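Enquirer: Following this message is one structure expressed as structure tokens.
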Amino acid sequence: MISILAPLVRGICIHAAKAPRIVITGQGPEPQNALTVDLDSAFKKDNSGAEIFHEEEAAKILNEAYAAWEFEITPSGAERSEAECAETVNKQPSSIVLKRGAKTLGIFWIDRDIDAARNRQKNGDDALLEERSGRKPGGEFFSPDLSAANRSCVVKNRVAVVTGGAQGFGEQISLGLAASGALVFIADLNLKGAEALAGKINDSLGRTAAIPVQADITSETSMEALFAFVAEQAGGLDLCICNAGVLQAGSVMEQKLESFKFTTEVNYVGYFITAKYASRILRLQHLTALQWKTDIIQINSKSGLEGSNKNGAYAGSKFGGLGLTASFALELVEYNIKVNSICPGNFFDGPLWADPEKGLFVQYLRAGKVSGARTVADVKAYYEDRVPMKRGCEGPDVMRAIYYVVEQKYETGQAVPVTGGQVMLH
């Protein structure tokens, strides 16, 4: 129940602040100054007598209760101070208590980041959250939307999930999002790797910016649990990066069916499962934050744009992923969820290519795939020379594309190439 209630509460807070908020669950005595909402009428029985929780009704009750609280807490013109008259003062409760009659369903503590929310809950600090914003330089002529300065700020304080986030592009994305101010859930089958990366991120930044969690994108049970955990820990979600993937190359005449199915299961079916459970959380949040835009971004590949010789399982799964992206985008736009794919070129410095024992550079050298190559460096140079920009795709290149997609308010269902010109638009 908490994983359903938390996104509704977070949506209310986002709607009021017009900015991301962290919502954590708490225990113990109810805060004295909390906004208390009774959701009893959202529980109804169907024709068989079974009790059902109506999410839309709960959202309506929450919206009405918050509007009434906001009306009471906001001072009238006569009561406002000179400072308040000069600035817009936004006040929010630090905690919201949801009840069903006399029974407490959940206590939710709110703040701008997870450490602040945890401190409020620990100290029982239920003072109002206040934000003051004066008139911005430039008057009304310049719209802030026209500036692309500090694009990385578009993810500040947002809650993000990165699947396959402990290595390769996933590691780079986790690092980039955390450095840009997001709270990142590093979801990976390799829990030790996720824990190690999260530890380094948090130690480096001096705050809780990353939370590790084990997840298998091919398992519905695992992914349902992942997003329930995210909702319970942070209140909801803003950005889901579907990055986890595998590559097992092979000729159509020789590749084993098991290998083909494994690649498809991870890259194609795994994307579907991830989007399925991410979108459920995002939809709940939307019920109380109608104008808030959220994102599901698949990390696809240039192979999803042009195919790949003797690598049909991988390319086919990536082509299929773009079909899912376009279809999900059409369906989920109703809930202000944007769905896009980013198609990077080869990450030559990542483990897939550069691993000294199993990497593609070593494999290609041993197989004599590159005529005249005598060292791994020769093989790498050959592949770099095939890229117009003369280098492989790197983490910052993908991060810039992610910032662009999140910042966009008018694009969904797109495949954004980041290939150094190796694959060009038609």
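Values in this text are rule-based calculations from the coordinates and carry no lab data. Here the structure is a predicted model, which means the values were calculated and not measured. Positions of Cβ are backbone-derived with ideal geometry, glycine not excepted, and every protein chain shown enters the neighbour counts.
Enquirer: How much length is gained if the chain between GLU411 and LYS18 is pulled fully straight, taking 0.36 nm per residue apart and subtracting their Cα-Cα distance, in nm to one decimal?
Expert: 139.4 nm
Enquirer: Cα axis of helix 312-332 to longest principal axis of the chain: angle in degrees, 0 to 90, nearest 10?
Expert: Value to nearest ten degrees: 20.
Enquirer: Relative to the longest principal Cα axis of the chain, at what angle does helix 168-179 sit, 0 to 90 degrees, rounded to 10?
Expert: With both axes taken from Cα atoms, the answer is about 30 degrees.
Enquirer: If the chain between ARG374 and MET1 were fully stretched, how many nm would it gain, using 0.36 nm times the residue separation less the Cα-Cα distance?
Expert: That pair, ARG374 and MET1, stretches by 128.2 nm at full extension.
Enquirer: Additional query: So what's the angle, to the nearest 10 degrees on a 0 to 90 scale, between helix 2-17 and the longest Cα principal axis of the chain?
Expert: Its long axis makes an angle of about 80 degrees.
Enquirer: Let me ask something else. What aspartates and glutamates does LYS318 reach when the alpha-carbon gap must be under 16 Å and sequence neighbours fewer than 8 apart in one chain are set aside?
Expert: Output for LYS318: GLU265, GLU306.
Enquirer: Between ARG118 and SER251, what length in nm is gained on full extension when 0.36 nm per residue of separation is reduced by their alpha carbon distance?
Expert: Full extension from ARG118 to SER251 adds 42.6 nm.
Enquirer: Ok, one more. If packing is taken as the average number of other Cβ atoms within 10 Å across a peptide's residues, how do 186-195, 408-417 rank, most packed first?
Expert: Taking the mean over residues of other Cβ atoms within 10 Å, the ranking is 186-195, 408-417.
Enquirer: Tally the DSSP beta bridges in the chain and give the antiparallel ones as a percent, rounded to 5.
Expert: In the chain, DSSP labels about 35 percent of beta bridges as antiparallel.
Enquirer: Along the stretch 405-422, what does the Karplus equation 6.51 cos²θ - 1.76 cosθ + 1.60 (θ = phi - 60°) give for ³J(HN,Hα), rounded to whole Hz, x for Gly and Pro?
Expert: Once rounded to whole Hz, the list reads 5, 5, 5, 4, 10, 10, 10, 8, x, 9, 10, 9, x, 9, 10, x, x, 5.
Enquirer: Rounded to the nearest 500, what is the chain's calculated 222 nm mean residue ellipticity when only DSSP H runs of at least 4 contribute -39500 (n - 2.57) each, over all residues?
Expert: Helices in the chain give a 222 nm mean residue ellipticity of -13000 deg cm²/dmol.
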